[in-house]
Every structure is written in C-alpha cells, then in structure tokens.
Amino acid sequence: MGYLYLFLAAFLWGLIGPVSRLAFQEGLSPLLVAFFRAVIAWAFFALHALLLRQVRLHPKDLPALLLFGLVGVSLFYGSYQLSVGYGGAALASVLLYTAPAFVALLSRLVLKEALDPLGLLAVALTLLGVGLMGLGGGSQVKALLPALFFGLLSGFTYALYYIFGKLYLPRYATPTLFLYALPVGALGLFPFVELVPLSSQALLALLFLGSISTYGAYLAYYAGLRRLPATRASVLATLEPVVANLFAFLLFREILSPLGYLGAGLILLAVLLSVRR
C-alpha cells in the first residue's frame, strides 16, 4: 500500500504546475497562488485535526514546526510557483526533483539510513534523468537563470519534507503537523503578495491546489512515508514531473527537447527499480 499512496501523491502534485498556470492566466502572481494554496490547505487540515481531536502538540516541538512552516511552506511553495512562472510547469517540475540527491545526503546525515546498490542506482538514474530534462529546457521558459535558481531551491526545500516526516510522523498525525505549519507558512508569504479580485476560474484553480493537490496529496504522501524509507519514497515520488509534463503539454502545449523526454524515461525506470526493491 505504501507504493500506491506515494503514486497517488505524485500524481496530485504533478498537477500543481499546470493548474497554477491557469491561475497565472487570470492575473494572479506566483506568490499569491502560493499564499492561497497554503491558506486553503490549512482550512482543510484544521477541520480534519479538530474533528479527530488531533490538535495537541508538545511545546518542545513547536520551534521545529514553526521553522518547518517558514522553510517547508513559505520558501518551498513560493520558490516552486516562481519556478513555474519563470520556466513553465514542465521545467519547474523537473528541477523540483533534484530533491532525491538532497534526500540521500540528508538521510545519511540525519536519519542514518543506508543505501544499497539498487537504491544508489535508482537515485543515480533519477539525477541523470533530471539533468537531461533540465538540459533540454522547455518551450515556455521566460528567464532561464531565475527558473533554475528557484527550481533548485524548491528541490532543496522539498527534500526537507522527507526528513521532517521521518522525524515527526511517529509522534504526530499528518493533520496535526500541518495545522501548525501551514498558517506560519502563509504568514511568511503574506508580506510579498498583493491581493487582487478572483475570477471564477482562478478561484476553482486555487481550491483545487489547496484541497486536492495539497491536502489530499499530503495525506497520501505521509501515509506512504510511514511504510517506506525516506530515500525510496523520494525516488517513487519522481513520477510527479512526468505527470506535470503530460498535463503541461495537454493544456498549454509545453514541450521538452528529445533529451528531456529521455530524462523522463530514466525517471520512470528509477521508479520501477524502487518498486522492485
């Protein structure tokens, strides 16, 4: 079941870039989309936590949760949306998946997880696939350097989800963690946004991002992470850029070069290797 949960999370996350572009077309800035995504997801997690009475938090864990809110929500959500804005949904989703390299390093340093040869091969294939897709670029790139910078920043901050989840999931339910982290993240973004009127399409896009691609995806992801090591989970979730590229093409005709599609194939191979393990 761990694999199914992670595949579902990857699919839902893969829709973030394409759906965000729909919001951008309605006049919303990337950081405003990130802000509303955090606020809407927080409403769902807060209701979930209150209904199940999962609101208690040990005071000693509060500083770590507040820091995670700033890094894992403000910085991660903001950098990913900016990456989509500068480089398109396809390229941004690929750059996000430099995360397995960061996860492998952090897992050894923080979680003391060992990597077997097949695991190392899966991570290597993932990184090679990401590199090829990055070299290929995308048809919607507006500014390459900012797209690369914010894409890599989103990859690093995304990697912290694996480490944070492994450290705190044994103590708290997922709704409890995000009940406290998401409002902090939203507040961290608020000084950088300018509120504008929301069209019906923008509102639908934001509701989808907050409820389905954030609340639903996190529930599925952390359910899978409870059952699998952090490094393996990070490789399995690399199905996300493949999903993002598919929908970016269907909705906006975004395309990558032949090198990019070769990279996508290597990522899928890494996912299959991880499942075989």
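Just so you know, all these numbers are worked out from the coordinates, no wet-lab data involved. Keep in mind the model is a prediction, meaning the values are calculated, not measured. Cβ atoms come from the backbone with ideal geometry, glycine included; neighbour counts cover every protein chain shown.
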**Request:** Give the residue from 160, 150, 188 lying farthest towards the positive end of the charge dipole for the chain; charges sit on Cβ (+1 for Lys and Arg, -1 for Asp and Glu) and the dipole is referred to the Cα centre.
**Result:** 160
**Fill in**
Sorting 87, 197, 59 by the position of each Cα along the dipole of the range 2-276 (Lys, Arg +1; Asp, Glu -1; all at Cβ), the one nearest the positive end of that ordering is 59
**Asked** Under 16 Å from the 7 Å Cα→Cβ point of residue 190, by amide nitrogen: which residues of the range 12-44?
**Response** 32-43
**Request:** Would you calculate the separation in nanometres between label points at residue 167 and residue 251, each defined as 7 Å from the Cα along the Cα-to-beta-carbon direction?
**Result:** 3.3
**Prompt:** Given +1 on the Cβ of Lys and Arg, -1 on the Cβ of Asp and Glu, and no further charges, what dipole in debye does the range 23-113 carry about its Cα centre, rounded to the nearest 20?
**Reply:** 340
**Request:** Can you tell me which of 200-209, 7-16 comes out highest on packing, and rank the rest after it, using the mean Cβ neighbours within 10 Å?
**Result:** 7-16, 200-209
**Complete:** Per the charge dipole of the range 2-276 (beta-carbon charges, Lys/Arg positive, Asp/Glu negative, Cα centre), the residue among 268, 16, 48 reaching farthest to the positive end is 48
**Request:** For the range 179-218, list log₁₀ I(q)/I(0) at each q in 0.21 Å⁻¹, using the Debye formula over Cα point scatterers of equal strength and ignoring solvent, two decimals each.
**Result:** -0.85
**Request:** Take the chain, connect every pair of alpha-carbon atoms lying under 10 Å apart with a spring to form a Gaussian network, then pick out the residue of 244, 41, 143 with the largest mean-square fluctuation.
**Result:** 143
**Item:** Rounded to the nearest 20 debye, dipole of the chain from Cβ charges on Lys, Arg, Asp, Glu
**Value:** 700
